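Working notes for the structure below.
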Amino acid sequence: MKISVIIPMYNEEENASHTLAKVDEVMEDYDDYEIIAVGDGSADNTFKILSEFASKNKNIKVLQHSVNMGMGRAIRTGFENSKSDIIVTIDADLSYKPYHIPKLIEALENDKTVDIVVGSPYMDGGKVSNVPFVRLFISKAANKFVGFSMADNISTVTGVLRSYRREVIDSLELESNGTDINLEILSKASATGFKIKEIPALLEGRELGQSKLKFRAKTISHVLFSFYEKPMMLFGAIGIILLLIGFISAIYLFYQYLMGVLDPTRPLMLFMVLMIISGIQILIFGFVATQISLLKREIYIIQKENREIKKKLQ
């Protein structure tokens, strides 16, 4: 069984050789493996360091984007250039240490019904070390929020540390170029019937270099993805709030009517009507958006079937 480990790298000259050495050390226990380092248009010496390291190790393959295209595109490039039975993805800064890789592979080998294994620091048994409090709080909150929008009860949906069976990657039409690639994979895999499992993992703070991810932009994109995945989370909340404001206004106006002090020309009367009508309209829009989301899942299934048919014909 051949195994591929994909490592997207952008401006990681401090980590490049160290990361490859540590991952290769763990993978030496396997007979047939490859490490695919994808240089994502780095402006520093990352690609040069990767190439020099790969020239001395036949199991390491280095790919390079001419310009920075994003983590998602780098991971997709790794997928496209791998033909292994099992594919593992891991961060370039080794915030998840390489000793997790055998655990991810073992989880797939021990249970043939599992298609994706996610390394999770936020599940029972998972741990976090040396991560700034604010960053950790936002990350946990984002994972909780995004996880709620998905069908499977997954505690860590944004992490890169995962293992996949080949058929999962071959079956999905992936489009994301940014960090939301990790959300897209889980969403489409869940919609098309693949089984996802979590195992405990240890997330540690970066030791070398600085993070290249724009944390605020990443968080916002993940929240927007949740609304895209489950639109009633947004439209339902807004619609209910508007309806509540409208009904509270109606109760207040009714109270004034009973007290004999109601003035029908007051702006509050028009405000009440607008709030109730707007709330109903937004709830209806949310219902329509939910039906479109369900239709989107049917499209994923059709895409999966088409790719499987195409693979058989080849």
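FYI, it's all coordinate maths here, none of it is from the lab. Fair warning: this is a prediction, and the values are worked out from it, not measured in the lab. With ideal geometry, Cβ positions are generated from the backbone for all residues, glycine too; neighbour counts draw on all protein chains shown.
Could you give the dipole magnitude of the chain about its Cα centre, charging the beta-carbon of Lys and Arg +1 and that of Asp and Glu -1, in debye to the nearest 20?
I would put it at about 740 debye.
From the phi angles alone, apply the Karplus equation (6.51, -1.76, 1.60; θ = phi - 60°) to the range 95-107 and give each ³J(HN,Hα) in whole Hz, x where the residue is Gly or Pro.
Residue by residue, the range 95-107 yields 5, 10, 5, x, 5, 6, 4, x, 5, 5, 5, 4, 5 Hz.
Choose one of P264, I309, G279: the residue whose Cα lies farthest towards the positive end of the charge dipole of the range 263-314 (beta-carbon charges +1 Lys, Arg; -1 Asp, Glu; about the Cα centre).
Checked the options; the winner is I309.
Please give the peptides 253-266, 278-291, 122-135 ranked by average Cβ packing (other Cβ atoms within 10 Å per residue), highest first, as a rough proxy for protection.
278-291, 122-135, 253-266
Counting only DSSP beta bridges with both residues in the range 3-219, what percent are antiparallel, rounded to the nearest 5?
For the range 3-219, the DSSP antiparallel bridge percentage is about 20.
For the range 253-290 and the range 17-50, what is the centre-to-centre distance using only Cα atoms, to the nearest Å?
62
Using each residue's phi in the range 181-193, evaluate 6.51 cos²θ - 1.76 cosθ + 1.60 at θ = phi - 60° and report the 3J(HN,Hα) Karplus result to the nearest Hz, with x for Gly and Pro.
Here the 3J(HN,Hα) series is 4, 5, 6, 4, 4, 5, 4, 6, 5, 5, 5, 9, x Hz.
Just to be sure I understand: if I project the alpha-carbon convex hull of the range 232-313 onto a plane and average over all orientations, what area do I get in nm²?
Projected area, direction-averaged: 6.1 nm².
Quick check on the chain: what are the equivalent-ellipsoid semi-axes from the Cα gyration tensor, as sqrt(5λ), descending, whole Å?
Each semi-axis is √(5λ); the values are 47, 22, 17 Å.
What are the lysines whose alpha-carbon lies under 22 Å from the alpha-carbon of K48, with same-chain residues fewer than 8 places away excluded?
K22, K56, K58, K61, K212
Arrange the following residues from fewest to most other Cβ atoms within 10 Å of their Cβ: R165, R307.
Listing R165, R307 from fewest to most nearby Cβ atoms yields R307, R165.
Which one of M69, M275, M27 has the biggest mean-square fluctuation once the chain is modelled by GNM with Cα springs under 10 Å?
Looking only at M69, M275, M27, the biggest GNM fluctuation is shown by M275.
Just want the ordering: T192, T179, T46, from fewest to most Cβ atoms lying within 10 Å of their own Cβ.
The most exposed by this proxy come first: T192, T179, T46.
With charges set only on the Cβ (+1 for Lys and Arg, -1 for Asp and Glu), what does the dipole of the range 232-313 come to about its Cα centre, in debye to the nearest 20?
Taking the Cα centre of the range 232-313 as origin, the dipole is about 700 debye.
Report, by chain and number, residues whose modeled amide H sits under 5 Å from the one on E198, excluding near sequence neighbours (fewer than 5 apart, same chain).
Close amide H contacts, sequence-distant or interchain: V118.
At 0.36 nm per residue, minus the direct Cα-Cα distance, what do E106 and K311 gain on full extension? Give it in nm, one decimal, please.
Using 0.36 nm per residue and subtracting the Cα-Cα distance, I get 71.1 nm.
At what distance in angstrom do the alpha carbon centres of the range 168-198 and the range 98-165 lie from each other?
14
Could you pull out every residue, at least 5 positions away or on a different chain, whose amide H is within less than 5 Å of the one on I6? Hs are placed 1.01 Å off N in the peptide plane, and Pro or chain starts have none.
I36, V88, T89, I90
Could you derive backbone 3J(HN,Hα) for the range 245-256 from the dihedral phi with the Karplus parameters 6.51, -1.76 and 1.60 (θ = phi - 60°), listing whole Hz in sequence and x where the residue is Gly or Pro?
4, x, 5, 5, 5, 5, 5, 5, 5, 5, 4, 5
Order these by the 10 Å Cβ neighbour count, fewest first: D152, D32.
The order, fewest Cβ neighbours first, is D32, D152.
In µm²/s, what is D for the range 7-124 at 20 °C and 1.002 mPa s, where D = kT/(6 pi eta Rh) by Stokes-Einstein and Rh is the Kirkwood radius from Cα pairs?
144
Compute the distribution of all C-alpha to C-alpha distances in the range 82-225, in bins of 5 Å from 0, and list the percent of pairs in each, rounded to whole numbers.
2, 9, 19, 24, 23, 15, 7, 1
Got a sec? Charge dipole of the chain, +1 on Cβ for Lys and Arg, -1 for Asp and Glu; which of P200, V5, L234 is way out at the positive end?
So the residue we want is L234.
Can you list the lysines whose alpha carbon is less than 17 Å from that of K112, not counting same-chain residues fewer than 8 positions off?
Within the straight-line cut-off, K112 pairs with K2, K103, K195, K197.
Could you check the simple spin-label distance between F137 and K83, using points 7 Å along Cα→Cβ, in nm with one decimal?
Using points 7 Å along Cα→Cβ, the separation is 5.1 nm.
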